[in-house]
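To start, the structure under review is shown below, and the notes come after it.
Read-outs: derived from the displayed coordinates by stated rules, not from any lab. Keep in mind it's a predicted model, so treat the numbers as computed, not measured. We place every Cβ from the backbone using ideal geometry, glycine too, and count neighbours over all the protein chains shown.
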Amino acid sequence: MKPKSGSFRFRKTERLRGRAIQLVLKRGRWVSGLRVRTAVFSSSNTGVPRLGVVISRAYGNAVHRNRFKRLVREVFRLRKSLLSPGVDLVVMPRKGAPMPADFHEMEEDLIKLWTQAKAAHE
């Protein structure tokens with residue numbers, strides 16, 4: 001059964017790219033978890049939470065890097081209702097952190113970080 005399109009999509013307006021990512025990395029507040037680090041910045045120009053993923057080639061091969069990005073985007077897509085409108089997030093893996101075994105490990109780590117970030121944002 002095909003899910004209804006709507007709030008569960010990952011729209012272009014919810015993506016951070018280029019200069020917007022640099023702004024969040026420079027001015028954002030950092031929150032670290034077991035596997036990932038997140039920079040959080042409150043931007044007033046949009047009414048939706050936005051996500052950017054930054055990953056270095058040092059993290060592993062292309063398969064590992066792409067899996068990491070897919071997992072982060074999927075957690076964001078499903079759980080963005082937990083985030084405040086107008087918050088920008090940039091997620092990157094921690095140095096030396098193991099690749100999450102499955103979606104649920106990544107989800108657990110990111111939800112903890114995002115609730116911490118939301119508390120700091122308010």
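ARG15's amide H: which non-local residues (gap 5+, or another chain) put their own amide H closer than 5 Å, with H modeled 1.01 Å from N in plane and none for Pro or chain starts?
Answer set, sorted by chain and number: LEU51.
Which whole-number value in Å³ per residue fits the convex hull of the alpha carbons of the chain?
116
How high is the relative contact order of the chain, in percent, counting Cα pairs under 8 Å that sit 6 or more residues apart?
34
When the helices in the chain are scored as -39500 (n - 2.57) per DSSP H run of 4 or longer and the sum is shared across all residues, what 222 nm value do you end up with, to the nearest 500 deg cm²/dmol?
-12500 deg cm²/dmol
Can you run phi through the Karplus equation (6.51, -1.76, 1.60; θ = phi - 60°) for region 92-101 and list ³J(HN,Hα) in whole Hz, with x for Gly and Pro?
Each residue of region 92-101 in turn: 9, x, 6, 5, x, 6, x, 5, x, 5 Hz.
Going by how many other beta carbons lie within 10 Å of each one, how would you line up LYS69, LYS12, fewest first?
Lowest to highest Cβ neighbour count: LYS12, LYS69.
Could you compute the net charge surrounding VAL75? Neighbours are other residues with a C-beta less than 14 Å from the C-beta of VAL75; K and R count +1, D and E count -1.
Its environment carries a net charge of +2.
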